[in-house]
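What follows is a short report on a single structure.
The values are calculated or read from the model by the stated rules, or taken from the named source; none is laboratory data. Because the structure is predicted, anything quoted here is derived from the model rather than measured. Because the Cβ atoms are built from the backbone with ideal geometry, glycine has one as well, and the counts that use them run over all protein chains shown. Note: accessible area is taken over every heavy atom of the protein model, side chains too, but ligands, DNA and RNA are not part of it. Shrake-Rupley method; radii C 1.70, N 1.55, O 1.52, S 1.80 Å.
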Amino acid sequence: MPGTKAPRISLPSTAGKEIRLDTLGPRRTVIYVYPLTGHPGTDLPEGWNSIPGARGCTPETCGFRDHFQQLLDAGAGRVYGLSSQDTDYQNEVVERLGLPFDMLSDPALGLADALGLPTFQAGGMRLFKRLTLVVRDGVIEHAFYPVFPPNEHAQQVLTWLRENPL
């Protein structure tokens with residue numbers, strides 16, 4: 001996947017903007033992609049805890065929140081979380097978890113289809129498998145897959161950024 005052009009896809013962000021992945025510019029953009037975050041009072045899909053790689057979306061997101069400034073200091077120009085959940089759902093996550101970055105929504109999984117990203121089925125939904133892309137100048141510079149453990153992934157991205165300065 002490194003060296004692949006980012007597709008010409010616009011995704012809505014929790015800041016109310018459309019983000020075009022192919023026009024993100026020369027700064028590195030970290031996009032961590034995950035299946036879904038739980039919502040208080042809403043059940044997760046049946047069998048969620050037994051699906052390999054499904055659990056851990058909230059801890060992963062909190063890791064990116066907690067390492068946000070370090071990621072910027074290490075060369076990330078911006079960080080986005082991305083799932084198939086709609087923008088209203090993502091806005092709740094941003095508020096509840098106090099995220100310093102925007103979330104992107106891709107309910108149609110257009111990014112998965114354009115790049116051949118891995119997905120899985122749960123609860124009658126098609127969801128992204130967990131992965132992270134580093135995009136620079138409209139090209140995927142690096143991809144992290146598989147991601148494990150999710151709660152340590154932000155630190156893994158931070159280490160890669162520090163070991164691969166521009």
Next on the checklist: Suppose we filter the stretch 59-83 for residues that are open to solvent by 40 Å² or more (accessible area, probe 1.4 Å) and within 24 Å of residue 110 (Cα to Cα); how many remain?
Outcome noted: 1
Checklist outcome for this item: The one condition residue 125 fails out of (1) out of contact with any strand residue (DSSP E or B) (no Cβ under 7 Å at 6 or more places or on another chain); (2) at pLDDT 95 or above; (3) not acidic (Asp, Glu) is (2)
Next on the checklist: Of all residues being in contact (Cβ under 8 Å) with a residue 12 or more places away in the chain and more than 15 Å from the chain's Cα centre (by Cα) in the stretch 110-123, which is least open to solvent (accessible area, probe 1.4 Å)? Just the residue, please.
Outcome noted: 122
Checklist entry - Take the residues of the stretch 125-166 that are open to solvent by 70 Å² or more (accessible area, probe 1.4 Å) and within 11 Å of residue 33 (Cβ to Cβ): which is farthest from the chain's Cα centre (by Cα)? => result 145
Item to check | Options 41, 3, 47, 25: the member that is out of contact with any helix residue (DSSP H, G or I) (no Cβ under 8 Å at 6 or more places or on another chain), without any contact (Cβ under 8 Å) to a residue 24 or more places away in the chain and at positive phi | outcome: 41
Checklist entry - If you take the residues in the stretch 17-58 that are β-branched (Val, Ile, Thr) and in a loop (DSSP other than H, G, I, E, B), which one is surrounded by the fewest Cβ atoms within 10 Å (Cβ to Cβ)? => result 42
Checklist entry - Hey, any hits in the stretch 87-95 for a residue that's touching a Lys or Arg at 6+ places or on another chain (Cβ under 9 Å) and surrounded by 14 or more Cβ atoms within 10 Å (Cβ to Cβ)? => result no
